Every structure is written in structure tokens, then in C-alpha cells.
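Note sheet for the following structure.
None of the figures in this text is laboratory data; all of them are computed from the coordinates on show. All values derive from a computational prediction rather than experimental measurement. Glycine also receives a Cβ, built like all others from the backbone with ideal geometry; neighbour counts cover every protein chain displayed.
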């Protein structure tokens with residue numbers, strides 16, 4: 001739960017944006033999905049996790065926002081977050097939103113929305129009920145606000161990284177021949193939630209890594225039925241907890257028994273690539289320049305770089321892909337997940353390795369404390 005000062009900071013920035021864009025109001029819709037980009041806009045402002053139906057927020061410059069929810073359970077949560085104008089509307093959220101807009105005199109002019117999140121049915125109904133109101137997309141303007149991280153957000157990143165470390169430690173202790181992939185997935189999720197994660201996104205795979213006869217599959221969900229771990233396997237994990245709305249991710253591959261020579265080579269290259277690339281994670285650097293450096297480094301080593309290579313994380317797990325086309329300008333306090341994908345013309349999958357880095361004036365600060373050495377069990 002963010003502080004009252006943090007709430008004022010975020011809504012103050014929204015007020016300034018509304019004035020610049022000549023908006024009468026801002027309408028942000030939230031639902032229970034976990035996805036990319038605009039899914040986190042509602043959580044960013046309202047600080048309430050949507051786990052049932054839909055919710056919406058209406059903000060006018062200089063006024064207390066109105067939050068529209070469906071049940072009394074939401075009301076209790078929202079009141080605890082310092083919101084004084086909360087409307088419980090049952091399942092018909094949209095009719096209530098239109099009523100609030102009319103009540104507040106927002107019947108003409110410009111209404112800021114995110115077309116990435118606004119349901120088509122909502123758009124049509126608002127146009128029909130309020131024909132003089134022009135809906136304009138302000139998704140990018142909201143992302144400009146979200147891109148400025150506060151000290152409070154950075155502390156949430158740090159705590160979330162500690163949870164990822166705890167999960168990794170637990171699966172390292174449990175991994176051995178005879179254990180099933182889904183058992184390791186359950187141990188990983190349990191340990192992270194035991195340490196405070198509100199939710200997790202866990203992927204894993206197993207098999208012996210080799211450039212000639214590769215048996216390590218692409219990462220997948222750890223649901224049963226799953227593969228039994230064998231001596232000589234590599235086990236890859238994507239360890240991704242969320243803490244008070246904020247995500248971090250650590251990617252690791254461990255060896256059960258003696259690793260193959262190819263595994264050792266790829267591990268060293270992945271580590272070296274990340275170590276050199278993270279030095280570029282400074283404010284005002286273009287993200288596409290970071291990925292170009294990473295890909296050039298891998299190519300110079302005689303291997304083939306490919307995507308994915310990572311992403312920016314915060315209230316959304318993927319707030320922007322690390323890719324050659326990105327026009328994102330890094331800002332102090334952003335968190336960037338680096339996990340290069342290194343392949344050859346013969347194989348299309350790599351070992352999995354990486355972690356989350358905080359953008360600082362001195363380069364990327366690794367948020368995880370787990371060892372970067374190749375772990376052999």
C-alpha cells in the first residue's frame with residue numbers, strides 16, 4: 001500500500017497532464033488480468049488489486065478521484081487506501097461511471113482514456129449517452145508519469161527481489177533426480193508466497209543442454225503431468241514474484257550432476273554479456289542502444305543473439321520489451337530485466353539466465369543477491 005505522499009505525487013502528475021492535454025477528466029479502467037503495459041494503469045493510481053469483475057477511476061484536475069467498484073469488499077479495501085469517494089455499483093459499473101461523469105459535469109470536451117484497456121462496449125455506450133464528449137487516448141501520457149520512479153517504488157523492487165532470492169534458494173535445495181518439474185514449481189511458488197508475494201509467474205523446463213542434441217526445452221508452466229528430473233539434467237527457472245503491485249524477475253539454470261561443456265560455455269557468455277550490458281543502464285540512455293550493444297557483444301563471441309532479451313518491469317510485468325526498436329529513454333530508478341537469448345544456427349533454444357537491474361547513474365544495480373555462479377547439485 002503506497003503512502004499518502006506517494007498518492008499525492010501520482011495524482012499531482014496526473015493533474016498536470018490533464019491541464020496540458022486540455023482534459024475535462026481522466027477515466028481509467030482496471031480488471032483482473034495480468035498482462036503488458038496498460039493493465040497496470042489502474043493499479044498505479046488506485047493501489048487496489050482487481051480480483052473480481054471490473055473497477056474504474058474518474059479523476060478531475062484538483063479534485064478527489066471517484067473510484068467505482070462492484071462489491072462492499074472492494075469498498076473496505078479502497079477506504080483503507082485514503083479514498084473518500086467510492087461508489088459501490090454492483091455488476092453494472094458502466095452505468096455508474098456514466099452517472100458520475102454527468103454528476104461532475106463532464107458531458108462535453110475531452111475525456112482522457114486508455115484505448116488499450118477501455119472495452120469496446122464502454123466506448124460505444126459513452127458515445128451514445130454523452131455524444132458531446134470526445135474520448136482521447138492518453139496511454140502514452142500515463143506511461144510518461146509511470147516512468148518516473150519514486151524512492152518508495154524502488155524499495156518495493158528491493159523487497160520483491162528478496163522474495164525471488166528466497167524462491168531460488170528453496171528450489172536449489174529441493175532439486176535432485178526423481179523430483180518432478182511440477183513439484184519444483186510448487187515449492188518455488190510456495191516459498192515466494194510464504195515470503196510475501198501476492199502472486200507469482202513461474203516457468204521452468206528441464207533436460208540436458210547440448211549444442212548437438214539439445215534436450216532443454218523452452219520454458220513452460222509447471223503444471224502436472226510433467227517431466228521427472230534425471231541425473232545430468234539442466235533445470236531452468238523463470239522466477240517472478242509480485243510484491244505490493246511490483247514485479248521483479250530472476251532467470252536461472254542449474255545443473256543436476258556434471259554440466260556439459262556447452263552448458264558451461266553458454267553460462268559464461270550469458271553472464272559476461274549481462275555484466276557488460278548492465279553498465280549501460282543509466283538515465284537518459286536509449287533502450288535500443290542497450291540491446292544493440294548486447295546483440296553486438298554476443299555476435300562478436302561467435303554466437304547468434306535473438307529475442308527475447310528482457311523487459312522493463314514495475315506494476316506491469318512487461319512495461320516495455322528490451323528490443324532493437326524500443327524508443328524508451330531510461331530513467332533513474334527504472335527496473336530492467338536482462339536475460340539474453342543466445343543460440344546457434346543448429347539450436348533454437350538457449351540456457352536461461354538473467355536478473356533485474358535498477359537504473360542508476362553508475363549503471364545497472366543488480367537487485368538480486370543470489371550467486372551468479374553455475375550451480376552444480
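Only Cα pairs under 8 Å and at least 6 apart count here; give the relative contact order of the chain as a rounded whole percent. Walk me through the numbers on the way to the answer.
Working: 807 pairs, mean separation 54.0, N = 377.
So the answer I get is 14 percent.
Measuring from centroid to centroid over Cα atoms, what is the spacing of region 78-151 and region 266-342 in Å?
Going from one Cα centre to the other spans 35 Å.
Each label point is 7 Å from the Cα along the Cα-to-Cβ direction; what then is the distance between the points at residue 124 and residue 365, in nm?
Distance between the two pseudo-spin positions: 5.1 nm.
Over the Cα atoms of the chain, what is the Rg over Rh ratio if Rh follows Kirkwood? Walk me through the numbers on the way to the answer.
Working: Rg = 22.8 Å, Rh = 22.2 Å.
Ratio of gyration radius to Kirkwood radius for the chain: 1.02.
To the nearest 10 degrees, how steeply does helix 151-174 sit against the main Cα axis of the chain, on a 0 to 90 scale?
40 degrees
Evaluate region 39-118: find the radius of gyration of its Cα atoms, find its Kirkwood radius, and give the ratio Rg to Rh.
Rounded to two decimals, Rg over Rh is 0.93.
For region 49-190, restrict the atom set to alpha-carbon positions and state the Rg and Dmax in Å.
Computed over the Cα atoms of region 49-190, radius of gyration and Dmax are 21.2, 67 Å.
Using only the Cα atoms of region 220-303, build the gyration tensor, take square roots of its eigenvalues as a ≥ b ≥ c, and label the shape rounded, prolate or oblate: rounded if a/c is under 1.5, else prolate if a/b is larger than b/c, else oblate.
Working: a/c = 2.95, a/b = 1.32, b/c = 2.24.
Oblate.
Could you list 85, 362, 316, 189 so that the one with the fewest beta carbons within 10 Å of its beta carbon is first and the one with the most is last?
Working: 85 13, 362 9, 316 24, 189 21.
Listing 85, 362, 316, 189 from fewest to most nearby Cβ atoms yields 362, 85, 189, 316.
For the chain, set up a Gaussian network in which alpha carbons nearer than 10 Å are linked by springs, and say which option among 248, 265, 341 fluctuates the most.
Comparing 248, 265, 341 in a Gaussian network model of the chain, the most mobile one is 265.
Quick check: from the Cα gyration tensor, does region 151-366 come out rounded (a/c under 1.5), prolate or oblate? Walk me through the numbers on the way to the answer.
Values: a/c = 2.19, a/b = 1.17, b/c = 1.87.
Judged from the Cα gyration tensor, region 151-366 comes out oblate (a/c at least 1.5, b/c at or above a/b).
Please figure out what share of the DSSP beta bridges in the chain is antiparallel and state it in percent, rounded to the nearest 5. Don't skip to the answer; put the middle values down first.
Numbers: 42 of 55 bridges.
Within the chain, antiparallel bridges account for around 75 percent of the total.
Return the calculated 222 nm mean residue ellipticity for the chain, to the nearest 500 deg cm²/dmol, obtained by summing -39500 (n - 2.57) across DSSP H runs with n ≥ 4 and dividing by the residue count. Let's see the in-between values first.
Details: 10 runs with 129 residues, N = 377.
After summing the helix terms and dividing by residue count, I get -11000 deg cm²/dmol.
Pairing the Cα long axis of helix 261-277 with the longest principal axis of the chain, what angle in degrees results, from 0 to 90 and rounded to the nearest 10?
Between helix and principal axis, roughly 40 degrees.
Using the alpha-carbon atoms, what tilt in degrees (0 to 90, nearest 10) does helix 93-103 show relative to the longest principal axis of the chain?
40 degrees
Using a ≥ b ≥ c from the Cα gyration tensor of region 74-153 (square roots of the eigenvalues), is it rounded, prolate or oblate, where a/c under 1.5 gives rounded and otherwise the larger of a/b and b/c decides, a/b for prolate? Mind showing how you got there, number by number?
Details: a/c = 2.03, a/b = 1.20, b/c = 1.69.
Because a/c hits 1.5 or more and a/b fails to exceed b/c, region 74-153 counts as oblate.
Give me the orientation-averaged projected area of the Cα convex hull of region 161-263, in nm², one decimal. The partial results should precede the final answer.
Working: hull surface 24.6 nm².
Seen from a random direction, the Cα hull of region 161-263 projects 6.2 nm² on average.
Semi-axes of the equivalent ellipsoid of region 257-338: what are they in whole Å, largest first, if each equals the square root of 5 times a C-alpha gyration tensor eigenvalue? Show your work: numbers first, answer last.
Details: eigenvalues 125, 40, 25 Å².
Equivalent ellipsoid of region 257-338: 25, 14, 11 Å, largest first.
Can you put 359, 88, 67, 50 in order of Cβ neighbours within 10 angstrom, beginning with the fewest? Provide the component values of the computation, followed by the final result.
Numbers: 359 24, 88 15, 67 28, 50 20.
Fewest-to-most ranking of 359, 88, 67, 50: 88, 50, 359, 67.
Determine, for 220, 267, the number of other Cβ atoms within 10 Å of each Cβ, and report the residues in order from fewest to most. Each step should come with its number before you reach the end.
On the way: 220 14, 267 21.
If I rank by nearby Cβ atoms, fewest first, I get 220, 267.
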